[in-house]
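Visitor: So that we are looking at the same thing, I have put the structure below in structure tokens.
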Amino acid sequence: MTRESPASAASEPARGERPLSGPRSGGGEPGEATREDRGQASPDAPAGNTDHWTDLLRRVVGLTAEDLRGPELFGRIADLVARTTEADVCFVHVVDASAGDLVLAGATPPFEHLPGTIRLKLGEGIAGWVAEQGEPALVSDKWDDPRYVYIPALRGEDFTSMVSVPLLRERKRVIGVMNLHSRRAGHFGDEQVRHLQEVADLVAGIAQTAILYERLATKEVELSRFAARTIELQELDRRRLAGEIHDGISQPLVSAWYHLRAARASAPEGTVTDELVAIETLVSDALDEARRATIGLRPAVLDDLGLAAGLRSLAAGLSGIEVELDVDVDLEKRSPSLAPHVETAVYRVAQEALQNVQKHACSTLVRILLHRRAGGLELSVIDDGLGFDAPEDPKPTAYGLEGMRERATLLGARLEVRSLPGRGTTVRLLVPTSRLFETAEPPPQP
Ligand SMILES: Nc1ncnc2c1ncn2[C@@H]1O[C@H](COP(=O)(O)OP(=O)(O)O)[C@@H](O)[C@H]1O
Ligand SMILES: [Mg+2]
């Protein structure tokens, strides 16, 4: 990140000072593209010809139809404005309210690679002054202007005159600044400033939409990562719990069972043996229960074989209920493969819905459907059992439905629970397509 700071390098000139080295005017640095190099037509009368300005406004509006974002959008705007005004370069900066500064958002060549890397404090430099005051600045020779701050990366030594206009929303809120530079002193006039402000007002609307879109897209990615991380942590917790149950409960129960067997074998026939058999049965039941709990807590099948296999194993765990499982072929093949946290969350919702069928529905048939729809991935668990009326006050111990809702919210999914007494229950989860696959970057580590 480069900051506009006169003290950033010993060799740089102080605020407002002309640098001693580097060409100030004329041909510029070798390899630097100028307006002419880019093969742009020179407008006949850039400052005074209203047609050019109307044409510019029309072209800027036209950009909105191209679905451009970020530096590409602002770069194209900068390019159009530079052409009309015959400026050598144009920069569009936008306000980053969270950092309290201006960040370069778009630039004409040869600066098109700099957006995002140049920041100016509000109030600092001519652009900073314009952002703070909300009014344009027309500068015929910036070396005579005390507000000017030299930024090496922007090659201030190559340009002399400049105009800076604010990007205003609701006529007063500054959301950015547009700067035009020329090698020639006094290149810009009052007439141009007036026209440029009209263009800037239009650009401000476009910029606002682009900024909001970007913010929303960032939030969406953050949310998706948060969901993935939270589900991952929940699963880690469950695995830890499964380990604790195994080591702290199952293992001691197994030893207790062997001790009981040994005790029974050496005990004299009679009353004690009956008691020992009863205790053995209790220990054995407790062991089964603990095993069931650990299997439910750690769905290894999901990691190894995927969601379809996971659902099949859940179905196999039901007793006394006929199951129909209908899964799309693509999902069976895991192509394309869903994000692991999505598989886990869908599996958990199915698991809870099926536990409810087993516990409450007295159902003879349950259907489990997993399909890709136009809107996303749809899971349905449909039973033909007793159904229920959604209670006004759910039991404080009933976390199942609540848990499903929380998982759905985390995934940005929709959960519907439809039930009528005597008519069975349908649980449907729809995960939108935008959330089904891995985000571009891995979730941040804690
Ligand atoms: N498939 C179903 N069939 C009948 N009743 C159900 C079904 N699913 C949920 N219920 C009812 O909704 C209540 C809340 O369910 P849940 O939140 O999972 O809590 P829990 O299963 O611990 O009771 C259940 O107690 C039950 O009365
Ligand atoms: Mg339940």
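Visitor: Around ILE211, under 13 Å between beta carbons, what's the net of Lys plus Arg minus Asp minus Glu among the other residues?
Guide: +3
Visitor: Among the lysines, which fall within straight-line cross-link reach of LYS359, defined as a Cα-Cα distance under 26 Å, with same-chain neighbours fewer than 8 residues apart omitted?
Guide: Partners within reach: LYS395.
Visitor: Using a Gaussian network model of the chain whose springs link C-alpha atoms within less than 10 Å, name the residue from GLY376, GLY100, GLY270 with the highest mean-square fluctuation.
Guide: GLY270
Visitor: At 7 Å along the Cα-to-beta-carbon direction for both ARG372 and SER337, put a label point, then send me their distance in nm to one decimal.
Guide: Result for the modelled spin labels: 1.6 nm.
Visitor: Suppose R0 equals 25 Å; then what is the FRET efficiency for ARG291 and PHE388 from their Cβ-Cβ distance, rounded to the nearest 0.05?
Guide: Once rounded, the FRET efficiency stands at 0.25.
Visitor: Nearest 5 is fine: what % of DSSP beta bridges in the stretch 300-446 come out antiparallel, could you say?
Guide: 80 percent
Visitor: With the contact rule set at Cα under 8 Å and sequence spacing of 6 or more, what percent relative contact order holds for the chain?
Guide: So the answer I get is 11 percent.
Visitor: Ignoring GluC sites (Glu not before Pro) that are buried or in helix or strand per DSSP, and keeping those with at most 14 other beta carbon atoms within 10 Å, what is the longest stretch of the chain between them?
Guide: Maximal segment without exposed cleavage sites: 37-169.
Visitor: Can you figure out the FRET efficiency of LEU282 with ASP237, using R₀ = 45 Å and their beta-carbon distance, to the nearest 0.05?
Guide: 0.95
Visitor: I want to check the label-to-label distance for ARG264 and THR64. Put each point 7 Å from Cα in the C-beta direction and report it in nm to one decimal.
Guide: 8.2 nm
Visitor: Still on this structure: Give the long-range amide H neighbours of GLY123: residues separated by 5 or more places, or on another chain, with amide H under 5 Å away, using H modelled in the peptide plane at 1.01 Å from N.
Guide: For GLY123, whose amide H was placed from the backbone, the distant partners under 5 Å are GLY128, TRP129, ALA131, GLU132.
Visitor: Something else: Calculate the length of the line joining the C-alpha centroid of the stretch 56-92 to that of the stretch 246-300, in whole Å.
Guide: 77 Å
Visitor: While we're on this one: Take ARG173, project a point 7 Å from its Cα along the Cβ direction, then tell me which residues of the stretch 208-233 have their backbone nitrogen under 13 Å from it.
Guide: 208-209, 211-212
Visitor: For the chain, with a Gaussian network of springs between Cα atoms less than 10 Å apart, report the residue from ARG240, ARG407, ARG119 with the top mean-square fluctuation.
Guide: Result: ARG240 has the largest fluctuation of those listed.
Visitor: What dipole magnitude, in Debye to the nearest 20, does the stretch 300-446 give about its Cα centre under +1 on Lys/Arg Cβ and -1 on Asp/Glu Cβ?
Guide: The dipole magnitude comes to about 140 debye.
Visitor: Quick one: dipole size for the chain, taken about the Cα centre, charges +1 on Lys/Arg Cβ and -1 on Asp/Glu Cβ, in debye to the nearest 20.
Guide: Using Cβ point charges on Lys, Arg, Asp and Glu, the chain gives about 200 debye.
Visitor: Just THR160, THR294, THR397 to compare: in a GNM of the chain, with alpha carbon springs under 10 Å, which one fluctuates most?
Guide: Per the Cα network of the chain with a 10 Å cutoff, THR397 tops the list.
Visitor: Helices from the chain with mean Kyte-Doolittle at least -1.0 and a Cα length along the axis of 15 Å or more, per DSSP H: which?
Guide: The qualifying helices are 50-63, 70-85, 190-245, 251-266, 271-297, 340-356, 400-411.
Visitor: While we're on this one: What order do you get for TRP53, TRP257 when you list them from fewest to most C-beta neighbours inside 10 Å?
Guide: Neighbour counts put them in this order, fewest first: TRP257, TRP53.
Visitor: Given labels modelled 7 Å from the Cα in the Cβ direction, how far is it in nm from ALA256 to ASP304?
Guide: Those two pseudo-labels are separated by 3.0 nm.
Visitor: Applying 1/(1 + (r/R0)^6) with R0 = 22 Å to the Cβ-Cβ distance of LEU138 and LEU202, what FRET efficiency is obtained, to the nearest 0.05?
Guide: 0.65
A short reminder: the numbers here are calculations on the coordinates, not readings from a lab. Computed from a prediction, not measured in an experiment: that's the story for all the values here. A quick note on method: Cβ atoms are made from the backbone with ideal geometry, for glycine too, and the neighbour counts reach across all protein chains shown.
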